[in-house]
Amino acid sequence: MLVRRIARPLFAAWFVAEGVDAARRPQTHVHHAETTWRQLAARASIPAPPPTARMRTLVRAHGVTTAVAGLMLASGKAPRAAALALAALAVPLAVVNHPFGRDRAEYRERFLRNLSMIGGALIVGLDREGRPGVAWRVEHAKVDRAAAKHAKETLTEAARAARADLRHARRASA
């Protein structure tokens with residue numbers, strides 16, 4: 001469908017841009033990630049954040065993965081898997097950009113954008129493009145297989161009856 005061919009690249013553009021930005025310029029992303037990690041560590045019993053160099057590597061890897069999944073979605077290569085991967089990859093961004101306990105005006109927009117992108121990616125990931133899902137296909141395959149088996153048995157029985165009638169007719173004429 002034409003709408004999907006246009007909408008998927010438009011939707012994926014944000015993910016690609018964010019991923020490329022995180023991969024090329026990870027400093028801001030690392031700062032936000034470390035700040036959030038420290039806040040979570042203060043509230044819950046999780047270990048201290050990794051060293052900055054390792055966090056930078058994690059941020060870059062996350063960015064590259066996000067950009068690749070976005071490109072896959074935009075190009076139509078495994079779009080459902082790419083969209084579900086983008087939804088999963090956007091969850092850490094929503095956690096990092098949560099507005100609770102911070103300057104709400106600065107983080108609220110980013111947090112809501114991340115939530116919107118997660119929701120959109122889930123919708124795209126669950127879009128079957130008008131085709132039935134696996135559960136429906138399996139159930140109907142069972143029904144079709146049973147109908148085919150019944151038809152085969154009926155035809156076999158009809159062939160037996162026809163052969164018996166033919167034998168009977170030959171005997172009667174002889």
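Annotations for the structure displayed:
- Enumerated helices (runs of 4 or more DSSP H) restricted to the range 74-174, each holding at least 3 residues that are closer than 29 Å to R43 by Cα: 79-96, 104-126
- When the range 71-84 is filtered for residues that are touching a Gly at 6+ places or on another chain (Cβ under 6 Å) and crowded, with 17+ Cβ neighbours inside 10 Å, the ones remaining, listed by number, are A83, L84.
- Residue, farthest from A12 (Cα to Cα), within the range 85-117, restricted to residues that are out of contact with any His (no Cβ under 6 Å at 6 or more places or on another chain), of a type in the set (A, V, I, L, M, F, W, C) and buried (at least 18 other Cβ atoms within 10 Å of the Cβ): L93
- Scope the range 1-49; condition assigned to a helix (DSSP H, G or I), open to solvent by less than 50 Å² (accessible area, probe 1.4 Å) and more than 23 Å from A85 (Cβ to Cβ); matching residues: E34, T35, A41
- Annotation note: of E129, E157, E153, E139, the sole residue that is closer than 30 Å to R4 by Cα, without any contact (Cβ under 8 Å) to a residue 12 or more places away in the chain and of a type outside the set (A, V, I, L, M, F, W, C) is E139.
The values are calculated or read from the model by the stated rules, or taken from the named source; none is laboratory data. Treat the numbers as computed from the prediction; the structure is a model and nothing was measured. All Cβ positions, glycine included, derive from the backbone under ideal geometry; neighbour counts span all protein chains shown. The protein model used for the area step is the full one, side chains on, heavy atoms only, and it has no ligands, DNA or RNA in it. Shrake-Rupley method; radii C 1.70, N 1.55, O 1.52, S 1.80 Å.
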